[in-house]
1. Taking the Cα centre of the chain as origin and charging only Cβ (+1 Lys, Arg; -1 Asp, Glu), how large is the dipole, in debye to the nearest 20?
2. Give, as ranges by residue number, the residues of segment 82-99 whose backbone N falls under 15 Å from the point 7 Å along Cα→Cβ of D61.
3. Tally up the carbon and sulfur contribution to the accessible surface of the chain as a whole percent, 1.4 Å probe, everything protein left in place.
4. State the Cα centre-to-centre distance between segment 208-225 and segment 73-105 in whole Å.
5. Need one value: the accessible area of T141 in square angstrom, 1.4 angstrom probe, rounded to the nearest 10.
6. Please sort by residue number the GluC sites (Glu not before Pro) in segment 81-119 whose DSSP state is loop and whose Cβ has at most 14 other Cβ atoms within 10 Å.
7. Can you tell me the orientation of helix 18-31 relative to the chain, as the angle in degrees between its alpha-carbon axis and the longest Cα principal axis, to the nearest 10?
8. Once fully extended, how much extra length lies between K15 and K79, figured as 0.36 nm per residue of separation less the alpha-carbon to alpha-carbon distance?
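The values are calculated or read from the model by the stated rules, or taken from the named source; none is laboratory data. Predicted model, so just to flag it, every value in this text is computed and none were measured. Here the Cβ is made from the backbone with ideal geometry for all residues, glycine too, and neighbour counts use every protein chain on show. All accessible areas refer to the heavy atoms of the entire protein, side chains included, with ligands and DNA or RNA removed. Shrake-Rupley method; radii C 1.70, N 1.55, O 1.52, S 1.80 Å.
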Amino acid sequence: NHRPLQAADDSAPAKQTPEQQQQQAQAKQALQAAQEFVGSWRGVGQVRRGSTAGSWLEEADWAWQFDKGSAALSFAAPKAKYFQSGRLLPGKDEDRFVLEAREAGQEDAVRYQGQLDDSGQLTLTAEGDSGEAPARMTFRTVAGGDRLLVLLERRLGDSDRFLRMAEIGYTRKGSNFGQAGVARECVVTGGAGTIAVTYNGETYYVCCTGCRDFFNDDPAGVLTE
């Protein structure tokens, strides 16, 4: 008896072309400025500073996301008051970024564009009418990257003025995550390595599940790069 020939395994990921590799490397490099967003966060939202009236709790997870020829920083916040998921992408110009954020139950994303200033503050403004969602969001990290502050604002009429809606103060889960001086470095992005991966009997570290999956798809290629 002869066994039938088995079809080739199509489950292995297709290799990227040199052009796709270059595009992905450029996107990854552009997003390095927002590397401190990566990680798991616990947050408290406040309508007014110093007041618990109308406050709420939420959590968010930021991770690298790699597709053919592209890279992004994605976030998931299932119980967030405003956006439950989204992706931060590099813009066309240096220090410009695009955020595609989705509200619960909405298929269409609210699209924001903005710029990172010299102090590391990222300000993103909605394209067109954002509806009930914030018209502008400002992100900044403090305390050595252990705190992430997100200011949410609405537009005042048709003007270029904005008024505070709320501010979310996130604290990074765990200790010493993302601080300078951490010995273990992510082999994919250079961030703080907190997840162990292995290849050929050697242990390496990555900073998030997105980088873990990217490494496991082609560990030799990652290490060569």
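1. 760
2. Zone members listed by number: 84-86.
3. 44
4. 23
5. 40
6. Filter output for segment 81-119: E94, E107.
7. The angle comes out near 30 degrees.
8. The K15-K79 span can extend by a further 19.4 nm.
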